[in-house]
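**Q** Below is a structure I'd like to ask you about.
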Amino acid sequence: MQKTPTRSSLPTEKQILEFVNLNSKPLGKRDFVRHFRLSTSNRRMLIGLLEDLVKEGKIQRGRNRRYVSNYYLPSVSVVEVTGLDEDGEAILKLSDKHFEKSKEKIFLNSRPVIKPAPGIGDKLLVKLKAKKYGYEARIIKRLQKNPQNLIGLFHSQPDCGLVTPSDRRLKTKFIINSKETNGAVDGELVECETISGQEFGLPRARIIKIFGNSQSVSAITASIISKHEIPKQFTESAFLQAKNSKAAPPKNRVDIRHIPLVTIDDKNARDFDDAVWAERTKNNDGWHILVAIADVSHYVRRNDSLDQAARNRGNSVYFPNTVIPMLPEKLSNGWCSLLPNEDRPCLVVDIWIDDAGNKKRHKFSRCIMRSAARLTYSEVQDSYNQKKEIDSNISSKLIDNLYGAFLSLDKHKKKRGAIDLDKQEYHFSLSKDGLILGIEKGVRLDSHRLIEEFMILANRCAAETLESNNSLCMYRTHERPDTISVKALRKYLKLLGIKFGDGQSVRPRHFSQLIEKTKDRKDVLGIQDAILRCQSRAVYSPKNIGHFGLALRRYAHFTSPIRRYSDLLVHRALISCIDTPNKEQENDNLETFIECGRHISMTERRAMAAERELFDRMAALYLWNQEGNTFSGYVTGVERFGLFVEINEVGACGFIPVSTLDVGYHRFDEDRRCLFNERTNTKFQLGDYINVRLKEVNLATGGLMLEVKQKEKNFNTKKQLFVVR
């Protein structure tokens with residue numbers, strides 16, 4: 001029997017988990033205090049222990065700060081029908097956000113029968129009963145009927161139509177009555193509204209929108225924009241406000257038009273919101289750096305039509321064939337873009353660093369500038385390598401100064417232990433008609449890293465200035481990895497013979513040392529994927545917890561106000577500091593700022609999901625007529641049901657079912673992340689290089705079905721630099 005702790009001691013993690021798991025009701029602070037007989041001083045530490053267990057996913061926090069087991073679900077709950085399985089049975093999820101991390105499966109009992117049958121989007125009040133296989137839900141009543149829209153590929157049939165959903169989580173086709181096809185023809189991408197009930201064993205839907213042929217990049221893009229509910233049209237008032245914008249007067253701004261600031265961007269960039277310049281300090285002991293950012297806040301004022309539109313969008317979304325900008329083109333490509341030889345308002349930070357990259361001081365100013373040139377990464381890199389001038393307005397000395405300052409900053413980055421991970425980028429080459437000509441691998445140049453380090457330094461200065469002025473700041477935060485993820489990574493690395501900071505709190509430098517130590521290993525890609533999975537997601541919040549990946553105590557996005565709303569908020573706060581230095585600023589309500597941080601973090605995730613889905617769908621279209629061809633790849637995921645493989649030539653990820661591997665039973669080793677065949681003594685594990693044959697392409701979902709041809713002995717593992725920002 002478990003021994004009750006003395007009044008002076010805190011319970012261990014094991015004791016807390018046993019107490020929570022043995023109770024069938026939510027437990028409050030008082031329950032823990034009574035059971036463990038805690039002293040007054042230890043009561044204050046109790047909540048911290050409980051919150052750590054919640055963060056690590058070991059227990060759940062319910063309503064009113066009451067804690068429950070991960071296996072606990074309320075006996076009467078509201079559930080939502082989120083999908084249908086292959087047998088047409090409803091897939092249920094608890095609507096209560098307090099139990100969103102629960103992994104318990106909920107199965108719908110067919111009694112009592114309600115008509116029409118529950119459909120996707122329905123909310124039901126149910127009574128839950130624990131069973132061996134999960135929870136059984138009996139319907140008390142239907143709360144509301146919410147028809148859910150879905151995107152899919154239309155297949156014409158003699159007397160009806162079928163739609164294959166683009167969402168891979170929906171495992172069933174939907175049947176369309178011949179009178180509800182809205183004129184769609186075979187092979188078109190469509191949007192459907194689900195209808196309650198079934199026909200021929202399939203859920204019903206009606207077509208409400210047609211995007212075009214599934215082999216058209218523009219149709220695929222339009223369907224993804226609709227699926228992710230990305231705002232595309234500006235309100236008339238926002239559009240007119242942008243249209244009527246005029247040049248900003250230079251009055252009350254520092255005139256820096258004589259300084260040859262330059263923009264450095266990709267060759268296909270259309271908006272230029274940052275410009276840079278550098279020179280040696282007078283004492284020749286470091287560098288004086290200027291980072292100038294377009295003053296978007298001059299044109300987009302708090303709560304006006306443009307501001308409301310920008311906040312709603314949260315950020316620009318970039319697709320291979322189009323851009324959905326955060327601001328209308330009149331601003332994003334016009335008055336807010338630092339075009340060469342055009343006067344533009346800007347916010348400038350002067351920064352002084354020593355030769356070791358340590359920041360000595362910095363200063364923000366509102367200025368008027370004139371970009372000396374619009375340069376590309378490749379032009380700048382060639383100029384530096386070949387010691388030649390790019391154009392008559394830009395001396396090779398300026399390029400040398402930029403690289404000199406960058407090398408100092410790079411030293412400082414390595415010293416503080418910022419995390420760099422290798423991740424190859426791919427870019428589609430399109431014809432004027434929007435046809436896919438090919439997929440190219442991105443090349444990482446030092447000029448890319450130069451701009452990145454300059455921007456990180458400027459962002460750091462912005463956060464420090466706002467903090468020193470007691471201003472509300474929208475920080476870019478990156479939490480340290482949770483304990484469970486670190487333990488799993490350590491266990492995986494130990495099996496590979498690699499020690500990773502046992503018995504100590506993990507720090508960014510531990511990851512950077514691990515990356516450096518393993519960069520020449522044959523299984524480097526598997527190790528780097530495991531490290532990346534271990535990391536938390538960076539988010540926006542006015543509550544500063546630092547940026548783990550960059551190894552910085554304070555960090556805020558400041559350098560892209562054209563395309564990120566977070567940066568616009570930081571600009572406004574900085575301008576307030578410039579106007580009234582060393583005084584406490586009047587700020588927005590903290591709760592409003594917190595909610596805004598959640599919103600723009602969501603819009604960022606939405607954009608990333610949409611961009612990734614479009615890449616997968618376009619890659620599938622590119623590979624559509626290449627079934628049977630062989631490609632090289634590496635294993636990015638191992639599950640008991642098969643392997644996930646990234647194809648090296650195109651960057652797309654495909655799946656290999658375990659049933660198609662070597663003859664014999666494959667045992668899944670979760671710790672080693674591998675499938676082992678005891679009969680043939682072969683295994684497939686994370687990071688393995690293999691040749692695969694393309695078996696099937698699914699244009700509706702972008703899914704690729706692969707099969708193993710053979711393992712690769714030699715594989716090009718060089719990938720481009722990836723930084724968590």
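One line per residue, one yes/no per condition, for (1) of a type in the set (Val, Ile, Thr); (2) in the same structural domain as Leu430 (by TED's automatic domain parsing); (3) surrounded by 17 or more Cβ atoms within 10 Å (Cβ to Cβ); (4) modelled with pLDDT of 95 or more:
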position	(1), (2), (3), (4)
Leu189	no, no, yes, yes
Ile195	yes, no, yes, no
Phe200	no, no, no, no
Pro203	no, no, yes, no
Ile207	yes, no, yes, yes
Ile210	yes, no, yes, yes
Thr221	yes, no, yes, yes
Ile225	yes, no, yes, yes
Glu229	no, no, no, no
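**Q** Quick check on segment 661-673. Is at least one of its residues out of contact with any helix residue (DSSP H, G or I) (no Cβ under 6 Å at 6 or more places or on another chain), closer than 19 Å to Lys522 by Cβ and of a type in the set (Lys, Arg)?
**A** Within segment 661-673, one or more residues are out of contact with any helix residue (DSSP H, G or I) (no Cβ under 6 Å at 6 or more places or on another chain), closer than 19 Å to Lys522 by Cβ and of a type in the set (Lys, Arg).
**Q** Looking at Gly314, Gly334, which one is among the small types (Gly, Ala, Ser) and surrounded by 22 or more Cβ atoms within 10 Å (Cβ to Cβ)? Break it down stepwise before answering.
**A** On the way: Gly334 fails: surrounded by 22 or more Cβ atoms within 10 Å (Cβ to Cβ).
Selected residue: Gly314, the only one of Gly314, Gly334 that is among the small types (Gly, Ala, Ser) and surrounded by 22 or more Cβ atoms within 10 Å (Cβ to Cβ).
**Q** Got a sec? Which of Gln381, Gln308 is assigned to a helix (DSSP H, G or I) and either in contact with a Ser or Thr (Cβ under 6 Å, 6 or more places away or on another chain) or not assigned by TED's automatic domain parsing to the domain that holds Ser245 (or both)? If you could, list the steps in order and put the result at the bottom.
**A** Working: Gln308 fails: either in contact with a Ser or Thr (Cβ under 6 Å, 6 or more places away or on another chain) or not assigned by TED's automatic domain parsing to the domain that holds Ser245 (or both).
On inspection, the qualifying residue turns out to be Gln381.
**Q** Condition test on Ser429, is it on the phi < 0 side of the Ramachandran plot, surrounded by fewer than 18 Cβ atoms within 10 Å (Cβ to Cβ), part of a strand (DSSP E or B) and not assigned by TED's automatic domain parsing to the domain that holds Val524?
**A** On the way: on the phi < 0 side of the Ramachandran plot: yes; surrounded by fewer than 18 Cβ atoms within 10 Å (Cβ to Cβ): yes; part of a strand (DSSP E or B): yes; not assigned by TED's automatic domain parsing to the domain that holds Val524: yes.
For Ser429, the condition - on the phi < 0 side of the Ramachandran plot, surrounded by fewer than 18 Cβ atoms within 10 Å (Cβ to Cβ), part of a strand (DSSP E or B) and not assigned by TED's automatic domain parsing to the domain that holds Val524 - is met.
**Q** Quick check on this structure: which one of Val262, Val254, Val296 is out of contact with any Asp or Glu (no Cβ under 7 Å at 6 or more places or on another chain), assigned by TED's automatic domain parsing to the domain that holds Leu409 and closer than 19 Å to Leu568 by Cα?
**A** Values: Val262 fails: closer than 19 Å to Leu568 by Cα; Val254 fails: closer than 19 Å to Leu568 by Cα.
Answer to the check: Val296.
**Q** Being closer than 26 Å to Trp624 by Cα, among the hydrophobic types (A, V, I, L, M, F, W, C) and touching a helix residue (DSSP H, G or I) at 6+ places or on another chain (Cβ under 9 Å) narrows it down to one residue among Ile264, Ile220; which is it?
**A** Values: Ile264 fails: closer than 26 Å to Trp624 by Cα.
Unique residue meeting the criteria: Ile220.
**Q** A further question on this structure: Only residues in segment 628-642 that are assigned by TED's automatic domain parsing to the domain that holds Gly687 and more than 14 Å from Leu675 (Cβ to Cβ) count as the first member; pair them with residues that are among the hydrophobic types (A, V, I, L, M, F, W, C) and modelled with pLDDT under 90, Cβ under 7 angstrom, at least 6 apart or cross-chain, and list the lot.
**A** Ser632/Phe715; Tyr634/Leu525; Tyr634/Phe715
**Q** Which count do you get for residues in segment 656-675 that are surrounded by 17 or more Cβ atoms within 10 Å (Cβ to Cβ), at positive phi and without any contact (Cβ under 8 Å) to a residue 40 or more places away in the chain?
**A** Residues that pass the stated criteria total 0.
**Q** Let me ask you something else. Take Leu347 and decide whether it is over 24 Å from the mean Cα position of the chain (by Cα), touching a residue at least 12 places away in the same chain (Cβ under 8 Å) and assigned to a strand (DSSP E or B).
**A** Answer is yes for this residue.
**Q** Among the numbered criteria (1) crowded, with 20+ Cβ neighbours inside 10 Å; (2) closer than 29 Å to Glu604 by Cα, which single criterion is violated by Phe174?
**A** In the conditions (1) crowded, with 20+ Cβ neighbours inside 10 Å; (2) closer than 29 Å to Glu604 by Cα, Phe174 misses (2) alone.
**Q** Can you pull out every residue in segment 504-524 that is within 24 Å of the chain's Cα centre (by Cα) and among the charged types (D, E, K, R)? Lay out the reasoning, then the answer.
**A** Let us first name the residues in segment 504-524 that are within 24 Å of the chain's Cα centre (by Cα), namely 506-512, 514-515, 524.
Matches in segment 504-524: Arg507, Arg509.
**Q** Pick out the one residue from Met455, Met474 that is surrounded by fewer than 20 Cβ atoms within 10 Å (Cβ to Cβ) and at pLDDT 95 or above.
**A** Details: Met474 fails: surrounded by fewer than 20 Cβ atoms within 10 Å (Cβ to Cβ).
Step by step, each of Met455, Met474 is checked, and only Met455 is surrounded by fewer than 20 Cβ atoms within 10 Å (Cβ to Cβ) and at pLDDT 95 or above.
The values are calculated or read from the model by the stated rules, or taken from the named source; none is laboratory data. Values in this document were obtained by computation on a predicted structure and should not be read as measured data. Methodologically, a virtual Cβ is constructed for each residue, glycine included, from the backbone with ideal geometry; neighbour enumeration extends over all protein chains shown.
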